[in-house]
1. Rounded to the nearest 0.05, what FRET efficiency do Thr879 and Glu924 have when you use their Cβ-Cβ distance and R0 = 51 Å?
2. For the residues Ile858, Ile613, Ile148, Ile868, what sequence is obtained by ranking on other C-beta atoms within 10 Å, fewest first?
3. Please compute the length gained on full extension between Ser84 and Ala691, using 0.36 nm multiplied by the number of residues separating them and subtracting their Cα-Cα distance.
4. Which aspartates and glutamates, if any, have their Cα less than 13 Å from the Cα of Lys340, not counting same-chain residues under 8 positions apart?
5. In debye, nearest 20, what is the charge dipole magnitude of segment 291-357 about its Cα centre with +1 on Lys and Arg Cβ and -1 on Asp and Glu Cβ, if you could check?
6. Could you please report the charge total around Thr879, scoring K, R as +1 and D, E as -1 over all other residues with beta-carbon less than 15 angstrom from its beta-carbon?
7. Pop the C-beta distance of Asp974 and Asn845 into the FRET formula with R0 = 45 Å and round what comes out to the nearest 0.05.
8. If the cut-off is a Cα-Cα distance under 12 Å, which aspartates and glutamates reach Lys46, setting aside same-chain residues fewer than 8 apart in sequence?
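Throughout, read-outs are computed from the coordinates displayed, never taken from laboratory work. What you see is a predicted model, and the numbers here were worked out from it, not measured in a lab. Cβ coordinates were reconstructed from backbone atoms using ideal geometry, including for glycine residues, and neighbour counts include every protein chain displayed.
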Amino acid sequence: MTPSSPDSVADEPVLVETPIEDLPRELPVSAAQLRMVQRQEEPEDKFPLVGLGGSAGSLKAFEQFFLNMRPDSGMAFVVITHLSPSQGSELVAVLQNFTSMPVQEAADGLKVRPNNVYVIPPNRDMSILHGTLLLFAPTQPAARRLPIDHFFQSMAKDARERAVCVICSGMGSDGTIGLKMVMENFGMVMVQSPETAEYDSMPRSALATEFVDYVLPAEQLPAKLLEYVHKPLLARPRREVAESASKPAHALQKIFILIRAQTGHDFSFYKRNTVFRRIERRMNSHQIHEFTHYVRLLQENPAEVEALFKELLIGVTKFFRDREAFDNLKARLLPLLRQKPADSVIRVWSPGCSTGEEAYTLAMTLLECLDGVDPTRYLKIQIFATDINPDGIDQARAGMYPESIEADVSPERLARFFIKVDGFYQIKKEVRDVVIFAVHNLTKDAPFTKLDLLVCRNLLIYLSSELQKSILPVFHYALNPGGLLFLGPSENLTGFQDLFAPLDVKWKISRRSDAASPLTRIVSFPFSLARPQASPAPAAGTMHPNTPRKDGPFATLVQRVLLRQYTPPAVVINTKGEILYVNGRTGRYLEPAPGLGGMNVFEMAREELNYEISATVHKAASTRQDAVAENVKVKTELGVQLIRVTVKYLEEPEQLAGLLLMVFEDQPTPRKVRLGKASMGADLSRDAVVAALEKELQYTKHRLQTTIEEMESSVEELKSTNEELQSANEELQSTNEEAMTNKEEMQSLNEELMTLNMQYLSKTEELSLAANDMKNLLDATEIATIFLDNDMVIKRFTPPVQRIISLMPGDVGRPITHFASNLRRENLAQDVQQVLDRLVSVEANIQTTTGEWYVMRILPYRTLDNYISGAVITFTDITDLKTLEAQLQESSRMAEAVVETVREPLLVLDHRLAVLAVSQSFAELFGVEPTEAKGRPLSELDGGMWRQPEVRQRLEKLLKEPGAAFDDFRFEADFPGAGLRQLQVYGRCIANDLASKSKLLLGVRDVTPQ
């Protein structure tokens, strides 16, 4: 997806913001045009602007259009067609005959008004700015000019949603790029149906973009256009106002859900204004005014969901879009490429590549940059071009583009990077090989990494600010240090200026800075860079305070230890004092701490026990031995109670190793101590008290020193651990990047394998179809066929072979010499070997032992590359023919016998009037020898006496009219063997359906007077 126009501009109050520098630099701009550029549109100028484009055969379409268009439609019409640059145009006068609206030729600086028709003059390119027509001298050769595209693009930027383009009959593809711009700016696209166009190249090229709203015959376009412009769309309130009842928020969410359910893509993070406009375009196409009705249409029509999905993709792009931007990019890339090590790879990512124009533009730009790099330092280019539209990816992989790209690609680049194929330009293979196309969702799939250049132009403007904040850190993560980020002219790095250093503010080229990793700043990262790992199991000796303590294996183990050694109240703690298990009534010694304190023995211990418990636990944990505190005083309801606190370091079982068992035992307490009557000062001397205090002070100092040493040791360990963690983190990040690179390579390899698999699948289907055809052909012919290899091993045979040789399906792979046949021919194997040795065919008529006859043909088996790979034996059943032949021979013999024995003179002639049979009476009468007469023409018998014209005419008539006859034809002739004779001749035609030849019976009666 490569959108082109910034949505932020679309949401501003309607002021045309096309700067002067956006006009073509090679076109001269007059002072008058500059003054007109400065003025703003007036509110009354908000009328629809219709551009009609056509070429060959378009005059008839214009006639039908204007004859059916109302003169008070409130629209302005601009007609752009291909005119001869050297001759004047009569198009204005011709169109005036079809409409009552004023028709005039466009002039430089002419203000467009509604209910008027404007015609482009010859040899001029025309644009429109703030509703004013501007004319320019053409800068392209006549063969490469695309005036329709030129005007449609300027009309799309100037009129935006008020723009309507109509493509009529014509040759070529002019208008295809312009209609994409009209659609991108929320205009409407109409195309004359190709079936009604005299020349359908332009309409079909427009339909191939899939951005067309209506396809109708020319005479039906006006009615649909009037219906479109008089809808309430132009009068709808701006989108900043609250949602109306016709456009509830929940309806939009339903639309998002329907799209996601069918396509798997979520558009809920796209800018609402853009989404609303795209949905409204689809609603207009179906004459729907309410969002709820459109939701129902989507539910009932999956094809409309697919159409809306493609509409939201806004797949509008072209080669070298913003040519100056790519020139600046080339200047920034050269230093980067010169710093690359030899034999390294230049990695580039182009997300949202649509149909591939931008990706191939990057490939051409990089190949041109390599011309300025030392040729001895080989650099490989690898461009990843991704999009969420599979159809666009398929079209991009093919690399076929219409001739209209001549307006965007220079002749030098066309000659270097393209080849002309059937009226299209195809990217050369060496350019296609450096671009890897893949279906990829930028918002949820992992990015490509270690990039030198990332190009994402005019995509972020359609995403919400929250989604942009998630994507920009991903771009920073994907780029190598010093890598370049190339955005669209209306996109910015708000909130992430510290991640990228600007190089070109106008064309938004930035360099990745060495700021801290942005991954830590992402609140909600759109994808997972690494697989989540399960939390490690707690090590021996460490337990979580929230571990269940009332039941389970842990409780059972603790109870066993207690029952084996102690019965008084006790708790199991870890070295941090966290209570893991409580046994007995410990309320006399421990109590819940105020506030939100946890289950920690140091916080829950009574005031008198704080010091003793802390010291005892510390001693037991550090020495890993039991520690005991005797005669510890605890205040109870009955007075003071002496207790013993024992802390036991647990070493077994293994599950409890490293934990501490704290036991509270009551000690015998004297009455005066229990009642609190005796004081420490009353019974002890002053020196004893000082000694006790000094002892406690020394213990405290020792504890403090130990604590300080442990703290310093812990700090050092923490520093070391931190360094190890940092090193491990760097290794993990490196490993992750390598894994991502491997994933990309595997993905690329997978795509190649999928492409190869599709080719194999297609070839397999073709082979399967050919095999089916061959099987049906062989079955239909019922010809027994055996396929042998060069060793006379059976490869395949047809079922009719079983009547000649007893073969079963399992006999495939066995030599033919292993089988006996019922043929009366012993040298079948020798015949096959002769064919294999001499590469000549063998043919013979063979009879089986059962009386059947076959024509056996043995031919060499030739592959498609003319390689001899065995032999083919075919047996064609000719039993019926042989039987019929025998019957005919028998009938012929019988007929000859009849003719020879008949008493009257008779001749049997064939269709050439040659003698087939002679009766004995005829031979005796005329003195001819029957054996000599057979096969001779009738005209040669008896010295040519039968060469009578009338006889021949009658006989030829019999041949032309089977079944005809003649009688009593008389003629007189002097025969050498019979003398002067008067003869009465009669004839009959005998039809022969089998040979499709006629036979004649010629009878003679001698009527010579005696």
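1. Details: r = 43 Å, r/R0 = 0.84.
My answer for the efficiency is 0.75.
2. Ile868, Ile858, Ile613, Ile148
3. Numbers: separation 607, 0.36 × 607 = 218.52 nm, distance 12.19 nm.
Extending this stretch completely gives an extra 206.3 nm.
4. Here the aspartates and glutamates satisfying the reach criterion relative to Lys340 are Asp374, Asp452.
5. On the way: 10 positive and 9 negative charges, 100 e Å.
That gives a dipole near 480 debye.
6. Working: positive: Arg803, Arg824, Lys882; negative: Glu782, Glu852, Asp877, Asp880, Glu885.
Around Thr879, the surrounding residues sum to -2.
7. Values: r = 50 Å, r/R0 = 1.12.
Approximately 0.35, to the nearest 0.05.
8. Straight-distance partners of Lys46: Asp158, Glu161.
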